[in-house]
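Readers should treat all values here as calculations from the given coordinates under stated rules, not as data from a laboratory. Given the structure is predicted, the values throughout are model-derived calculations rather than measurements. Cβ sites come from the backbone with ideal geometry, for glycine too, and all protein chains shown count toward neighbours.
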Amino acid sequence: MPLRFPEGFLWGMATSAYQIEGSPAADGKGPSIWDSFCKVPGNIRNGESGDVAIDHYHRFQSDVALLRDLGVEAYRFSISWPRIFPDGDGEPNPAGLDFYIRLVDCLLEAGIRPFATLYHWDLPQSLQDRFGGWQRRETAEAFARYAGYVARKLSDRVRDIITINEFRSFVDMGYRGVEMAVGGRTVRISLAPGLALEPKALAQVRHLALLGHGLAVQAIRAEGRAETRVGPAENVEVAVPVSATPANIAAARAAMRYLNGPFLTPMLEGAYDSAWLAAQGENTPEVQPGDMEAIGAPLDFVGLNIYRPAIYVMAEESARGWQPVRINPSHPKMDSAWHLLDPEALYWGPRLVHDLWQPEIIYLTENGCAAKDALGAEGEVHDTDRLMYLRAAMTALHRAIADGAPVAGNFFWSAFDNFEWTDGLQRRFGLVHVDYETQVRTPKLSAHWFCESARTNSIA
Ligand code: IFM
């Protein structure tokens with residue numbers, strides 16, 4: 001028996017502006033921190049950049065036609081802030097907005113529901129130069145003005161707006177960098193703008209990114225159409241219980257609330273968790289009156305990006321009630337150093353978010369994996385490992401829905417192969433293969449699987 005999803009469940013795919021568009025200076029666009037970061041030798045594998053990427057800026061019509069042919073019901077894309085405000089603030093650039101109007105109209109004509117993300121990391125360089133990016137309140141305020149402007153201009157066409165993508169990734173990896181074990185050695189991974197702040201300053205950046213989100217929600221409510229729906233997309237830290245005993249499930253719940261202390265917990269509770277705050281010692285953010293009210297502004301949905309478990313936990317006789325379980329070095333991974341394989345994350349993530357905060361609607365705003373995809377002799381791409389991953393992930397998600405998690409749709413990362421940040425162009429996440437020399441698109445086996453699954457609203 002195929003596992004069928006609830007009626008109306010959205011089968012979607014996702015991308016982001018810098019990763020696919022190319023054309024970094026077209027039609028009045030200002031530079032972003034990613035344009036600058038990629039120019040520094042050594043920052044990106046093979047010295048690559050998103051300068052061309054998959055040239056979606058010029059090919060969006062045929063790309064949307066392909067998505068339609070694959071049966072995509074909803075498409076999550078991001079708007080490049082420096083296309084709309086080349087300077088980050090001040091005078092908008094009508095040509096930049098026009099690109100997104102044309103894209104959205106094309107999606108609507110194809111019967112695809114657009115979900116627009118306002119910030120997927122390509123901060124206007126001008127805000128980095130003037131304010132150190134998200135280190136200063138001025139950037140959060142400029143973000144709210146940009147959000148309000150986009151809502152005013154686009155909410156007649158786009159009903160679903162996502163404020164910020166993956167707070168934890170762009171803040172922690174952009175303003176501190178993280179150490180990661182890769183192939184037996186420790187490497188430091190850094191995203192744009194590539195800073196290495198002290199813990200206290202980093203705590204403030206986290207807070208101001210949250211504030212940007214909250215002020216943007218308020219601006220969208222004030223300037224967008226009444227039916228506009230808004231939420232964040234966070235790469236939630238998922239705690240998987242080592243076994244589903246009541247004690248271990250309670251431990252995983254407590255661990256999730258704590259581990260998401262910097263971002264999701266305050267957004268959904270309107271306050272920082274006191275145990276998490278206490279653990280930060282003197283490295284707590286400076287909070288001004290009104291900040292927490294904005295940060296906790298009511299949401300219409302919660303977007304979760306889930307690829308893997310953050311930790312495994314078991315119950316512990318202690319005040320906090322949980323302990324992490326060491327991950328075995330032989331634990332299988334997908335084709336990214338960070339991508340621990342366990343589809344259970346797709347069950348426990350939505351399930352525990354639902355237990356903890358009862359959001360009305362959850363979207364899986366990203367899930368997917370990289371794979372070593374190459375064209376076969378007949379021009380086919382047999383990404384059997386991705387197929388295995390996606391099937392298993394959707395089976396776990398189906399179980400979460402059956403157990404009450406209100407997941408209304410899933411967006412596979414990614415629609416197309418694209419520029420995978422510091423990993424460059426060769427780390428392929430797409431369901432559609434892209435030949436970067438010729439820009440030819442080829443749906444992979446996983447795209448055909450998607451098509452059948454979406455058509456039948458079940459796991460094919
Ligand atoms: O490519 C990224 C995306 O931009 C944010 N989420 C994770 C993806 C895969 O690493």
field: Charge sum, other residues only, whose C-beta stays under 11 Å from GLY231's C-beta, Lys/Arg counted +1 and Asp/Glu -1
entry: -3
query: In units of 2.2 N^0.38 Å, what is the alpha-carbon radius of gyration of the range 103-143?
result: 1.67
query: Each label point is 7 Å from the Cα along the Cα-to-Cβ direction; what then is the distance between the points at VAL178 and ARG102, in nm?
result: 3.7
field: Only Lys, Arg (+1) and Asp, Glu (-1) charged, at Cβ; the range 43-141 dipole about Cα centre in debye
entry: 260
- prompt: How compact and how long is the range 1-95, expressed as Rg and Dmax of its alpha-carbon atoms in Å?
  reply: 16.9, 57
Total lysine pairs under 18 Å (Cα atoms) in the chain, excluding pairs fewer than 8 apart on one chain: 4
message: Along the Cα→Cβ direction, 7 angstrom out, place labels at SER458 and GLU282. What is the inter-label distance in nm?
response: 6.2
- request: Let me know the whole percent of all Cα-Cα pairs from the range 69-120 that are separated by more than 16 Å.
  value: 45
message: To check my understanding: the extent here is largest minus smallest coordinate of the Cα atoms along each principal axis. What are those three numbers for the range 89-205, in Å, largest first?
response: 50, 35, 21
statement: Dividing the helical contributions, -39500 (n - 2.57) per DSSP H run of n ≥ 4, by the residues of the chain yields a 222 nm value, nearest 500 deg cm²/dmol, of -12000 deg cm²/dmol
Estimated inter-spin distance, SER62 and ALA25, nm [label 7 Å along Cα→Cβ]: 2.6
- prompt: Got a sec? How would THR422, THR117 order by Cβ neighbour count within 10 Å, fewest to most?
  reply: THR422, THR117
- prompt: Which percent, to the nearest 5, of DSSP beta bridges fully inside the chain are antiparallel?
  reply: 30
statement: One checks the Cα atoms of the range 275-394 and finds Rg and Dmax, in Å, of 19.3, 63
message: Report the Cα-based extents of the chain along its three principal axes, largest first, to the nearest Å.
response: 59, 54, 48
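Give me the number: length gained by fully extending ARG326 to THR395, i.e. 0.36 nm times residue separation minus the C-alpha to C-alpha distance, one decimal in nm.
Additional length available on full extension: 22.3 nm.
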- prompt: What is the distance in Å between the Cα centres of the range 310-330 and the range 210-243?
  reply: 28
field: Values of log10 I(q)/I(0), in the order q = 0.13, 0.22 Å⁻¹, for the range 262-333 under a Debye, Cα-only, solvent-free model
entry: -0.62, -1.12
message: With only alpha-carbon atoms in the gyration tensor, what are the semi-axes of the equivalent ellipsoid for the range 234-290, in Å, largest first?
response: 25, 12, 9
